[in-house]
Each structure stands twice: as structure tokens, then as C-alpha cells.
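Heads up: the structure comes next, in C-alpha cells.
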Amino acid sequence: MSRVGDVVLWMPFAAPWRPHPAPQQLCCDAMRGALEVASERHATPFDCGATPLVYNAVFDEIGLVLRGEDAQYIVIGHCPWCAARLPESRRDAWFDTLEGLGFLDPNHQDVPDDFLGPEWRGSTS
């Protein structure tokens with residue numbers, strides 16, 4: 001079970017990083033700016049030392065990027081700037097849904113492509 005404050009690994013491994021789908025709906029300008037990949041030379045926030053946060057579209061969770069670690073971050077529950085409540089992580093629901101479909105080790109199995117993005121949640125928000 002993933003909770004606020006947990007150090008987690010970017011998952012699913014096969015899921016590409018995607019920017020937040022609706023940055024205008026984020027709580028404040030500081031959050032929007034922090035979630036932008038600061039350099040066009042970097043493909044993900046983990047590759048860019050200037051980006052403090054990462055958004056995981058699969059789980060709809062935001063985290064503090066851990067530097068020097070392989071795609072790890074700390075799940076946060078509130079905006080560090082305005083203290084607005086962030087969406088609750090859908091990480092557990094993702095694993096539960098896949099387990100119900102017979103995928104007991106989804107990071108080492110070929111899961112449907114819909115589970116590599118926000119589509120599995122029924123929306124992109």
C-alpha cells in the first residue's frame with residue numbers, strides 16, 4: 001500500500017513519463033512551474049536536476065524527486081507552496097485492478113497498454 005511520505009519507484013516500469021494532462025487545473029502557479037520539465041534536453045523529471053516534482057499519470061500522484069536514485073520519489077499529499085490537498089494516489093487501485101485480471105506481477109508481465117497510462121482510470125485527470 002502506498003501512502004503519503006512513502007518512497008516509491010517509478011512504476012509501471014514500461015510506462016513512459018507524461019506531463020500533467022491539465023496543468024491549468026493544478027492548485028497554484030508554483031506547482032505548475034515545479035511540474036514542468038525545466039530543460040528541453042531532458043526526457044523526464046528524473047533526468048533534470050532543476051525539476052523538484054514528478055507527476056505519475058498512471059497513479060495520478062505527485063512526488064518529490066529523489067536525486068541520485070533511479071526514478072524514485074516521495075509521494076506527497078499536499079502542495080508544498082499553497083498546502084492544497086493533492087489527489088489521492090491510485091497506485092493500490094492499479095495493482096488491485098490488475099490482480100483481478102490475473103496479473104500478479106504486472107511489472108514483469110505484459111499488461112494491456114491501457115494500464116500504462118491514465119486510461120485505466122476511465123479518464124485522463
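One table, with the values for the structure above:
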| read-out | value |
| --- | --- |
| Area of Asp96 that stays accessible when all protein chains are in place (1.4 Å probe, Å², to 10) | 100 |
| Linear extension gain, Ala50 paired with Ala83, 0.36 nm per residue minus alpha-carbon span | 9.7 nm |
| Amide N proximity, the range 40-68 versus Asp96 label position 7 Å along Cα-to-Cβ, cut-off under 13 Å | none |
| Span per principal axis, largest first, for the Cα atoms of the range 78-125 (Å) | 40, 18, 16 |
| Computed FRET value (nearest 0.05) for Asp110 with Ala43, which takes r as the C-beta separation and R₀ as 25 Å | 0.60 |
| Heavy-atom accessible surface of the range 5-106: percent carbon and sulfur, 1.4 Å | 52 |
| Orientation-averaged projected area, Cα convex hull of the chain (nm²) | 7.6 |
| Amide H within-cut-off set for Leu53, under 5 Å, with H built and near neighbours excluded | Val65 |
| Surrounding net charge for Ala14, when Lys and Arg each add one and Asp and Glu each subtract one, Cβ distance under 11 Å | -2 |
| Stretch in the chain that is longest and holds no trypsin sites (Lys or Arg not before Pro) that DSSP places in a loop and that have at most 14 other beta carbons within 10 Å | 68-125 |
| Accessible surface, the chain, averaged per residue in Å² (probe 1.4 Å) | 56 |
| Length-normalised contact order of the chain in % [C-alpha pairs under 8 Å, at least 6 apart] | 28 |
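The values are calculated or read from the model by the stated rules, or taken from the named source; none is laboratory data. Fair warning: this is a prediction, and the values are worked out from it, not measured in the lab. Cβ sites come from the backbone with ideal geometry, for glycine too, and all protein chains shown count toward neighbours. With ligands, DNA and RNA removed, areas are computed over all heavy atoms of the protein, side chains included. Shrake-Rupley method; radii C 1.70, N 1.55, O 1.52, S 1.80 Å.
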